[in-house]
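Written below as structure tokens is the structure these notes are about.
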Amino acid sequence: MLKYLKHYIPAFTGVLFIVFVLLGENFPTFFAIAWSLFLIVGDYVLPRDREIQKFSYPTILNVSIYINLPILFCLIFLVVSVFGNNSPDWYVDGLYALFNVDFLAVVNSFTVADKFSILFQTTLLVGILGTVPGHELTHRKKKKFDMFVGNWMLAFSWDCTFAIEHVYGHHKEVCLDEDPASAKRGENIYLFLIKASYEEQISGWKLEAARLNRRNQNVFSIHNRMLVGYLRCTTITVLAFMFGGIFGLLAFLLCAFSAKLLLEAINYIEHYGLVREKGKPVGMRHSWNSNHLLSSVYLCNVTRHSDHHRSTALNFWELDPCHDDAPLLPYGYLSMLYLVLLTPFLYKKIMAKELSKWDQNIATEYERNYYLNGVNLPSGVAS
């Protein structure tokens, strides 16, 4: 039973954070610090996640993803109420009636550190409860319910293009110059976040326009999945304003767009410095992987990234973590996320060693020679 329960850890984390916010002063700050340390230390000391477990009841695993959506709704509207100035009376009275929580007293107790921690942790949880399971579900293209839930999850980060560009663009163009989500060696992480976000929007529109043209349907119609996606995002944004006024709205948008940037940072990590010859198939060597347990649990096994690119039809619990030609990151995905965002030079220095191994042991001759004539040497560190 434990093998099922571990996949409910992200949902439990979301609920626990809501409880800590409602407890008032200092609790959100404590949670944000403790959880980050738990992730980094846990990934380092816990046993590696190297097995494919067999599950007789996949519905239990799917529920572990579906329940993230209502938890995310509750979290977002709690947060916008914390920062807002016009929370509905029924909402405030309901919290007191159900949980004996004096919401206004709780909000007034928060320090500046608490408010920063709430925004920081909410951003991370929008990624973990929204973007990550949304990624899993929008790969299930023939399952309408999964696509419905997945697209609403992605709407919390204003990322209506992900289910289009990622599925039909990134998986085709990965590790090529044409792919906005594949980072080059030595590329500035902060510029990459902006460039990738913009270029993915453009790519998503092109892909959707081409699909609609093939069907003889108007681009500016309800058939356009980009427009429907913007409508979902706008719906959540309007609700955030209704719950929290202008300040609640700003808090939501800050968390939403920051979560989108976190996704791009994960994209940066997943394929950093790896290249592929155009026209050649995507191989195991074209993604960075991790067998660190907590990163795998919190990210729905997206850490088994090579196998995900090998077959997008596989459910997250079916992905194989062990391939001889699949390069491994030195630390867990979430640890690497902190590293690349806070100390990008150190990240590049660490990855230079890994890229050198990739060049020598895994890359084809074309891939090995790709960077030799560029400004950045094969290590990815500028000379």
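The values are calculated or read from the model by the stated rules, or taken from the named source; none is laboratory data. Remember, predicted model here, so these are calculated numbers, not experimental data. Neighbour counts are summed over all protein chains in view; Cβ atoms, including those assigned to glycine, are modelled from backbone coordinates with ideal geometry.
Structure notes:
- Scanning segment 149-188 for residues that are aliphatic (A, V, I, L, M) and assigned to a loop (DSSP other than H, G, I, E, B) gives Val174, Leu176, Ala181, Ala183.
- Taking the numbered list (1) under 27 Å from Glu136 (Cβ atoms); (2) without any contact (Cβ under 8 Å) to a residue 24 or more places away in the chain in turn, Asn361 passes all entries but (1).
Every residue, every condition in (1) at pLDDT 95 or above; (2) not hydroxyl-bearing (Ser, Thr, Tyr), yes or no:
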residue	(1), (2)
Leu2	no, yes
Leu5	no, yes
Thr29	yes, no
Ile33	yes, yes
Tyr44	no, no
Ile52	no, yes
Tyr57	no, no
Ile71	yes, yes
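- Summed over segment 229-238, the residues that are surrounded by fewer than 15 Cβ atoms within 10 Å (Cβ to Cβ) and among the hydrophobic types (A, V, I, L, M, F, W, C) give a count of 2.
- Residue within segment 107-115 that is assigned to a helix (DSSP H, G or I), within 26 Å of Val302 (Cβ to Cβ) and among the hydroxyl-bearing types (Ser, Thr, Tyr) present: no
- Whichever residue in segment 328-352 is in a loop (DSSP other than H, G, I, E, B) and crowded, with 22+ Cβ neighbours inside 10 Å and, among such residues, is modelled with the highest pLDDT: Leu329
- Within segment 321-336, residues that are in contact (Cβ under 8 Å) with a residue 24 or more places away in the chain and within 15 Å of Asn301 (Cα to Cα) sit with their Cβ atoms under 7 Å from residues that are of a type in the set (Lys, Arg) and part of a loop (DSSP other than H, G, I, E, B), at 6+ positions apart or across chains, in these pairs: Pro321/Arg50; Pro321/Arg304; Cys322/Arg50.
- Candidates are the residues of segment 18-54 that are of a type in the set (A, V, I, L, M, F, W, C), surrounded by 19 or more Cβ atoms within 10 Å (Cβ to Cβ) and touching a Pro at 6+ places or on another chain (Cβ under 8 Å); the one that is nearest to Asn108 (Cα to Cα) is Val21.
- Answer residue from segment 66-100, given it is among the β-branched types (Val, Ile, Thr) and part of a helix (DSSP H, G or I) and is surrounded by the fewest Cβ atoms within 10 Å (Cβ to Cβ) among those: Val92
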